[in-house]
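For reference, the structure is listed below as C-alpha cells.
Values in this text are rule-based calculations from the coordinates and carry no lab data. Please read all numbers here as calculations on a predicted model, not as lab measurements. As a convention, Cβ positions derive from the backbone with ideal geometry for all residues, glycine included, and neighbour counts pool all protein chains shown.
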Amino acid sequence: MNTTIVAQLQRQFQDYIISLYQQGFLDNQFSELRKLQDEGTPDFVSEVVSLFFDDCAKLINNMSKSLERPENVDFKQVDSGVHQLKGSSSSVGARMVKNVCISFKECCDVQNREGCLRCLQQVDYEYKMLKTKLQDLFKLEQQILQAGGTIPQVDIN
Amino acid sequence: MAEVLRPEKLEMSNDTSSLASPELLHVLAVDDSMVDRKFIERLLRVSSCKVTVVDSATRALQYLGLDGENSSVGFEDLKINLIMTDYSMPGMTGYELLKKIKESSAFREIPVVIMSSENILPRIDRCLEEGAEDFLLKPVKLADVKRLRDSLMKAEDVAFENLMYKRELEANDVYSQLKRAKI
C-alpha cells in the first residue's frame with residue numbers, strides 16, 4: 001500500500017465531503033447515514049441515496065404530468081408528491097432538495113401553478129446536481145479502498 | 001409414602017420471556033417510503049433488533065393475522081416486541097393501524113411507536129391518547145431507537161422479575177400445603 005497515495009486520496013475525500021456540507025448540499029442527516037455504514041455494509045449509503053434518486057425521478061415525473069394542463073391541475077397529487085420528496089430528502093440529508101420542497105409546498109397550498117412549475121424545475125436541477133456530486137464522492141471512496149486505505153470518518157461540527 | 005412434589009414436576013411454563021430470542025427485540029416496521037424503509041431497517045439492525053419491514057398498514061395487518069382473512073390460528077407464536085409505523089401512508093394511516101392493533105386482544109399489549117416528518121401537536125396528542133408508546137419525529141435517530149430499546153428491555157426485566165416472584169410465592173404455597181398434610 002502506497003501510504004502517500006492513500007493519504008492524498010483521504011485528504012481529497014475529506015476536503016470534498018466537507019465542501020458539500022459547507023455549500024449546503026448535505027446536512028447532518030447524511031453523516032448520520034454514514035455512521036450506520038460499516039465494513040459489513042460498505043454500500044449502505046450509496047444504496048440509500050440511489051433509492052432516493054430513483055424516488056426523485058419518479059415523483060418529479062408524476063408531478064410534471066399533474067401540472068401539465070393549466071386548466072386541470074391535480075394539486076392534491078402534486079402536494080402528495082412534494083410531501084414524499086420532502087420526506088425522503090430529509091431522510092438522506094439532501095438539504096437543497098428539501099429546501100426547495102418547502103417552497104414547493106407553499107406554491108401548492110395556494111394553487112400557484114407557475115410557482116409549482118418553477119419549483120419542479122429547481123428540484124429536478126438540485127437532485128441531479130447532488131447525484132453528480134455524490135457519484136464523485138463515492139468514486140473517491142472506491143479509490144481509497146482500492147489503494148488499501150480506509151474511509152475517513154469526518155466530523156462536520 | 002407420598003412422593004415429595006418438587007416445583008419442576010408441577011406444570012409450569014418455561015416460557016419466561018416474550019422476547020423473540022435472548023436479548024433480541026423483534027420489531028415490525030411499517031413505512032410506504034422505500035428510502036425510509038431501508039433507513040429504519042438498518043437503524044434497527046445496528047441496534048441489535050430483529051426486523052421485519054412492510055410497505056403498508058394493510059400488509060402489517062396481514063403479517064399479524066389481523067386482516068380478517070385468517071383466524072388467529074398460527075399467529076400465537078408470532079413474537080413481535082415493538083411496532084414502528086409511519087403516520088402518513090396512503091390507504092390506511094399509521095393512526096388507523098394503531099387503533100386496529102389496540103382493538104386486538106392478541107396484539108394490544110405490543111407497544112406501537114408512530115413516526116412522522118411533521119411536528120403537529122394535535123396529531124401527537126391523538127396518537128398518544130389512542131395508546132401509542134411514543135411519537136418520533138423523522139428522520140429517526142439512533143438515540144431514539146436506543147432509548148426505546150432500553151425502556152422495552154427494562155419492562156421485560158420487570159415483567160420477568162414479577163413472574164419469578166410470583167413463582168416463588170406459588171412454590172412456597174405448595175410447600176406450606178405439603179407441610180400441613182405432613183408429607
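Observations, loosely collected:
- Other residues within the sphere of radius under 12 Å centred on the Cβ of A:Arg118, judged by their own Cβ, net out at -2 (K and R +1, D and E -1).
- Remark: the A:Ile156-A:Thr3 segment gains 52.6 nm on full extension, using 0.36 nm per residue and subtracting the alpha carbon distance.
- Whole-angstrom gap from region B:168-183 to region A:27-100, using each part's C-alpha centre: 66 Å
- Counting only whole DSSP H helices of chain A, the ones at least 27 Å long by C-alpha along their axis and with mean Kyte-Doolittle hydropathy no lower than -0.5 are A:3-22, A:44-67.
- Spherically averaged projected area in nm², based on the convex hull that wraps the Cα atoms of the protein assembly as shown: 25.2 nm²
- Computed extension length for A:Arg69-A:Gln22: 13.0 nm, one decimal, from 0.36 nm per residue of separation with the Cα-Cα distance subtracted.
- Going from the fewest other Cβ atoms within 10 Å to the most, the residues B:Arg126, B:Arg147 appear in the order B:Arg147, B:Arg126.
- Residue-averaged beta-carbon neighbours from other chains (10 angstrom radius) around B:31-40: 6
- Directionally averaged projected area (convex hull, Cα atoms, region B:74-150), nm²: 5.8 nm²
- Summing +1 for each Lys or Arg and -1 for each Asp or Glu among the other residues whose beta-carbon sits under 13 angstrom from that of A:Leu130 gives 0.
- Förster radius 41 Å - calculated FRET efficiency between A:Leu36 and B:Arg180 (Cβ-Cβ, nearest 0.05): 0.10
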